[in-house]
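The values are calculated or read from the model by the stated rules, or taken from the named source; none is laboratory data. Predicted model only: the values in this text are computed from it and were never measured. Please note: Cβ atoms are built from the backbone with ideal geometry, for glycine as well, and neighbour counts cover all protein chains shown.
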Amino acid sequence: MNRFSEVYGFPRGELNLGNWRTRPYNVFSFHNVEEVLPVAMTAGQPGEAEAGTTGEGALDGLRVDISGEKHHWSDFLKLSESDVFLAMKEGRFVCEWNAAHVDPARPHLLFSVTKSVTGMLCGMLEDEGLLDMSAPVSRYLPEAEGAGFGNATLQQLADMRTSLAFDESYLNADGDYARYRRATGWNPPVEGAQAETMTELLLSIDQRDEPHGGPFEYASPNTDMLGVVVERVSGRRFMDLLNERIWKPLGARTKALMTLDSEGAPRGAGGMCATARDMARFGEMVRLGGQINGHRVVSQHWVDDMLTNGDRKAWQNGNFSEFFPDGRYRNCWYLTGYESGAYCCIGIHGQWVYVDPKSEVVIVKLSSQTLPMDEELDLKCLSFFRQVCDAL
């Protein structure tokens, strides 16, 4: 057995487009996505390389209560198939944990945490008067006229309040979701199936009989469409815009990556890869009202809108209501409804950016969980985050 097999549990030659999101292959692929998929990256490295881990730091000796059982905090990370965990307090990194197989300096796939970045780029373009979130998609993509997305507003996309004939079923192998995965380049082609680009797929989704603007219903194509609009409106590639407007002002230390479809369109719903430290800086910037290092990244107005708006009734009538009973969803961010005012970005397979304004803590947890969705484990993670914030 060679060194690669010893670390990752499989021969390198076994990794392919058909298995890269499954265990054990994902323990490698989630922080080496460019070896599986075509990617774009931020232009150049915005900052110098950082010093190594902060170690156990401020959480030294902390034991957490998970479903009535006490665990050392790092043991819970192992149990939840974590790759990287990082906590920042008042803008300083105070503890860090990395799995043995992970190089924390390599960008990790964020899955739907990407949505929160895409939503912020939309907010920046609206601040500049280049788009209107209350306008329909067809204003910016005339080819969407008559399609399911055509008369939905950008805000409805950003708040997951569209009425689309689409089922977000991650384990689907032969239906619309599998077709969506193929169009984004994340699944291998199927013999006899027509090849299509991501944008072609998005424009083919029908509207249901119900009007847009109803309850929250999670559907990743909403944010992929926002990514297409970002490029169309700005006249820039998604990653070039990200680099200029977010990555450089953040003082990010490592290149970010974005997976691309066959024509180079970005997966604005789930294709971004970044390090935990750079995503902690992203969360800290939002905690500080849209600015960091003396740079205004996004307007205070956009942050205030994200924190205070969003239809609570739409959330309560939606399909994630049991997750945050008092929550909301606005501009591609989850508002927990907790007394602390915490808000977060969440991605499948265990990706989190959790911001707690009361304790002034930002937590990032990146993982290679076996299941895409594990509601019981997600609730344990939320309990874990709250206990960490209390300890810090």
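Residues of the stretch 130-170 that are out of contact with any helix residue (DSSP H, G or I) (no Cβ under 6 Å at 6 or more places or on another chain), outside any loop (DSSP other than H, G, I, E, B) and more than 22 Å from ARG312 (Cα to Cα): PRO136, ARG139, PRO142, GLU143.
Name every residue in the stretch 207-259 that is of a type in the set (Lys, Arg) and touching a Lys or Arg at 6+ places or on another chain (Cβ under 8 Å), in order of residue number.
So the first thing to find is which residues in the stretch 207-259 are of a type in the set (Lys, Arg), and the list is 208, 232, 236-237, 245, 248, 253, 255.
Within the stretch 207-259, ARG253 is the sole residue that qualifies.
If the condition is being buried (at least 22 other Cβ atoms within 10 Å of the Cβ) and within 16 Å of SER138 (Cα to Cα), then the stretch 165-202 contributes only LEU202. Considering every residue within the stretch 35-44, establish whether at least one is farther than 28 Å from ALA219 by Cα and not in a loop (DSSP other than H, G, I, E, B). No, because not a single residue in the stretch 35-44 is farther than 28 Å from ALA219 by Cα and not in a loop (DSSP other than H, G, I, E, B).
Checking ASP103, ASP159 one by one, the residue that is of a type in the set (D, E, K, R) and closer than 20 Å to LEU257 by Cβ is ASP103 and no other.
To keep it simple, each residue is scored yes or no on (1) surrounded by fewer than 21 Cβ atoms within 10 Å (Cβ to Cβ); (2) touching a Leu at 6+ places or on another chain (Cβ under 8 Å); (3) over 19 Å from ASP83 (Cβ atoms); (4) of a type in the set (Val, Ile, Thr).
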site	(1), (2), (3), (4)
LYS248	yes, no, yes, no
GLY270	no, yes, no, no
ILE292	yes, yes, yes, yes
ASP311	yes, no, yes, no
GLN316	yes, no, yes, no
GLY337	yes, no, yes, no
ALA342	no, no, yes, no
ASP356	no, no, yes, no
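Annotation note: of VAL303, VAL364, the sole residue that is aliphatic (A, V, I, L, M), outside any helix (DSSP H, G or I), in contact with a Gly (Cβ under 8 Å, 6 or more places away or on another chain) and closer than 25 Å to GLY271 by Cβ is VAL364. May I ask you to list the residues in the stretch 321-347 that are in contact with an Asp or Glu (Cβ under 9 Å, 6 or more places away or on another chain), part of a loop (DSSP other than H, G, I, E, B) and either of a type in the set (S, T, N, Q) or at negative phi (or both)? The answer is GLU322, PHE323, ASN331, THR336, TYR338, SER340, ALA342.
For the stretch 76-91, the condition of being in contact (Cβ under 8 Å) with a residue 60 or more places away in the chain and in a helix (DSSP H, G or I) holds for at least one residue. Provide a single number: the residues in the stretch 188-217 that are acidic (Asp, Glu), farther than 16 Å from ASP159 by Cβ and modelled with pLDDT of 95 or more. Residues in the stretch 188-217 being acidic (Asp, Glu), farther than 16 Å from ASP159 by Cβ and modelled with pLDDT of 95 or more: 4 in total. Among the conditions (1) under 18 Å from the mean Cα position of the chain (by Cα); (2) surrounded by fewer than 20 Cβ atoms within 10 Å (Cβ to Cβ), the only one that ASP304 does not satisfy is (1).
Check GLY350, GLY327, GLY341 and return the single one that is modelled with pLDDT of 95 or more, over 29 Å from SER368 (Cβ atoms) and among the small types (Gly, Ala, Ser).
GLY341
Reported count of residues in the stretch 155-186, each being within 11 Å of HIS212 (Cα to Cα) and touching a Ser or Thr at 6+ places or on another chain (Cβ under 8 Å), is 3.
Residues considered: ILE292, ILE205. Of these, the only one that is over 30 Å from SER169 (Cβ atoms) and in contact with a helix residue (DSSP H, G or I) (Cβ under 9 Å, 6 or more places away or on another chain) is ILE292.
Of all the listed residues (GLY310, GLY294), the sole one being on the phi > 0 side of the Ramachandran plot and without any contact (Cβ under 8 Å) to a residue 40 or more places away in the chain is GLY294. When the residues of the stretch 1-21 are filtered to those that are in contact (Cβ under 8 Å) with a residue 40 or more places away in the chain and assigned to a loop (DSSP other than H, G, I, E, B), the one that is nearest to VAL102 (Cα to Cα) is ARG21. Is one or more of the residues making up the stretch 157-165 under 24 Å from PRO38 (Cβ atoms) and either hydroxyl-bearing (Ser, Thr, Tyr) or in contact with a His (Cβ under 9 Å, 6 or more places away or on another chain) (or both)? Looking for residues that are under 24 Å from PRO38 (Cβ atoms) and either hydroxyl-bearing (Ser, Thr, Tyr) or in contact with a His (Cβ under 9 Å, 6 or more places away or on another chain) (or both), one finds none in the stretch 157-165, hence no.
Table: residues versus (1) at pLDDT 95 or above; (2) within 22 Å of the chain's Cα centre (by Cα).
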site: VAL84; (1), (2): yes, yes
site: ALA87; (1), (2): yes, yes
site: ASP103; (1), (2): no, yes
site: PRO107; (1), (2): yes, yes
site: THR114; (1), (2): yes, yes
site: GLY123; (1), (2): yes, yes
site: GLU126; (1), (2): yes, yes
site: PRO136; (1), (2): yes, no
site: PRO142; (1), (2): yes, no
